[in-house]
1. Would you please classify the overall shape of the range 26-193 from the alpha carbon gyration tensor, given that a ≥ b ≥ c denote the square roots of the eigenvalues, rounded means a/c under 1.5, and beyond that prolate means a/b larger than b/c while oblate covers the rest?
2. Among rounded, prolate and oblate, which fits the range 10-82 when a ≥ b ≥ c are the square roots of the eigenvalues of its C-alpha gyration tensor, a/c under 1.5 means rounded, and a/b larger than b/c means prolate?
3. Starting with the fewest neighbours, write out Asp50, Asp32, Asp77 ranked by other beta-carbon atoms found within 10 Å of each beta-carbon.
4. What is the distance in Å between the Cα centres of the range 66-88 and the range 124-185?
Amino acid sequence: MLAQQTIASLPRRRRWLSLSVASLATLLVTADTGQLSIALPVIIGEFNADLTLASWIALGYALITASLYLPCGRLSDLVGIGKVFSAGFLLYAASALAAGWSQSAEQLILFRALQAAGSALIMANNFALVTALFPPEERGRAMGISGGTVSALGYTLGPVLGGLLTYAFGWRSNLYLSAMLAFVGLAVARYLLPPERFKGSSVRKEPFDFPGAITFALSISLLLLALATAQKGSWRSPSRRR
């Protein structure tokens, strides 16, 4: 009911302007991974880190993001998509700045993990936001733009942009750019999203499932960790022993 009232009360032009929030979020998150992947050799050289430690820069980000998607989606049902979106942009921006100021590989891994939490808060609600803002006849086109076109653009531009920024200004500039875009996203979200999007559901709310969230996060993290580190193990070693 709330979503229908929001759609009906929003002018068509305002709805499509609001789509820029979801599009910017998609571009920010999809481009970020490619940017830092290109800069990884430079980061390893600056911190004198080995490949195992450096791999956690990407692996930690993936683990945190995957494990928090479902809990963040449920959180938006309780407090409102707009609030979760804004919190995600703020956490993403602050942690990106902190990651840019990192003085060791361990610090960078920690702040990238926090940045991943911000990414989960943003992306877990991206399609939900589009669904809430657009009527069924416009929803497919809006999702195609924010989730398809912009996503492909982000994955394509990420490595190119990362290489240019790393070569011209150093690897830290990638994180500073991400922080700047996240602050822009926060301002745009607060300005464009209708007030109803900052409220939780009016129906009776089930309590947040903390045991379920912890179990899911632990399970998906262990699964991804096993897949990522299996190449270093020796699963078949017992059969080879004499």
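1. Judged from the Cα gyration tensor, the range 26-193 comes out prolate (a/c at least 1.5, a/b above b/c).
2. Cα axes put the range 10-82 in the oblate bin.
3. Asp50, Asp77, Asp32
4. 18
Read-outs throughout are calculated quantities, based only on the coordinates presented, and are distinct from any laboratory measurement. Predicted model only: the values in this text are computed from it and were never measured. Please note: Cβ atoms are built from the backbone with ideal geometry, for glycine as well, and neighbour counts cover all protein chains shown.
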